[in-house]
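Reading through the structure tokens given below for one structure.
The values are calculated or read from the model by the stated rules, or taken from the named source; none is laboratory data. On a predicted model such as this, the values are computed, not experimentally measured, just so you know. Cβ coordinates were reconstructed from backbone atoms using ideal geometry, including for glycine residues, and neighbour counts include every protein chain displayed.
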Amino acid sequence: MYKAAMNLQWRTTYAELTPAELGEVAGVPPELQRVWRKRGYLPALKDARARFDVFLACEVMLLQALALRGIPPSEGASVAKKYAHLILFAALIDREGPGEVGEGACEVIGPKDAVEAFVRAYDMDTKIIGQLAKTSFEAVPEYLVALDDRPPVLAHELPDEHGHLEAATGAFVNLMALGLRFAARFGKPLVSVEVSNGDSGEKAKQPVIRRLLPRPKDA
């Protein structure tokens, strides 16, 4: 299915957030954003109309999650930058079960045949989602773990000596939960994909349609 989608032509646009929207989504109010900017954890704003791209917003959300678990921004900044793309991946991926959030984080726009082909690929192959999130991962590692004052790593990257976790202490960040929370709080598509089949014939004359992914559960 991934190869089928690659036969389409598509262009991706990512959402941008105001400082106020970033505060609502990531739990970092503008006052704290200013402190983090002064300390170099956030880039300086060029003007009053400056926006944060969705990847930086994910980075800020993860940085705040680490800070709430006792890992200061001075230590968590590089970790948040390294794994921020997984937050967007988690926001875009579909999840089965009642009450799940994150629906509509990706919108797909284009001729009917092209949109339906992209939707089928999106539903069946997470490589598409990984490409949208700009990560080589094909699944979201569920936890980021910091044990015994060591730098946070993905759970499957824990060193062998911590195989007996009952003797360890630390902090855990649920990456999937953060991604779903990001999508739910933003309430609008994080990624917009414009697709076409490159056809100049009858298919090119099809009406443009719009689909939201993951699809709302009542759709």
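Assorted remarks:
- Some residue of segment 111-130 being among the polar types (S, T, N, Q), out of contact with any His (no Cβ under 8 Å at 6 or more places or on another chain) and either at pLDDT below 85 or assigned to a loop (DSSP other than H, G, I, E, B) (or both): no
- If the condition is being more than 22 Å from PHE186 (Cβ to Cβ) and free of Cβ contacts under 8 Å to residues at least 40 places away in the same chain, then segment 46-72 contributes LYS46, ASP47, PRO72.
- Applying the condition of being hydrophobic (A, V, I, L, M, F, W, C) and at pLDDT below 90 to segment 18-48 and asking which residue is nearest to SER78 (Cα to Cα) yields LEU42.
- Candidates ARG215, ARG185 - the one that is at pLDDT below 90, among the basic types (Lys, Arg) and out of contact with any Phe, Trp or Tyr (no Cβ under 7 Å at 6 or more places or on another chain): ARG215
- Subset tally (residues that are within 17 Å of the chain's Cα centre (by Cα) and either part of a loop (DSSP other than H, G, I, E, B) or among the aliphatic types (A, V, I, L, M) (or both)) for segment 52-70: 9
- Looking across segment 122-147, just one residue is buried (at least 21 other Cβ atoms within 10 Å of the Cβ) and aromatic (Phe, Trp, Tyr), and that is TYR122.
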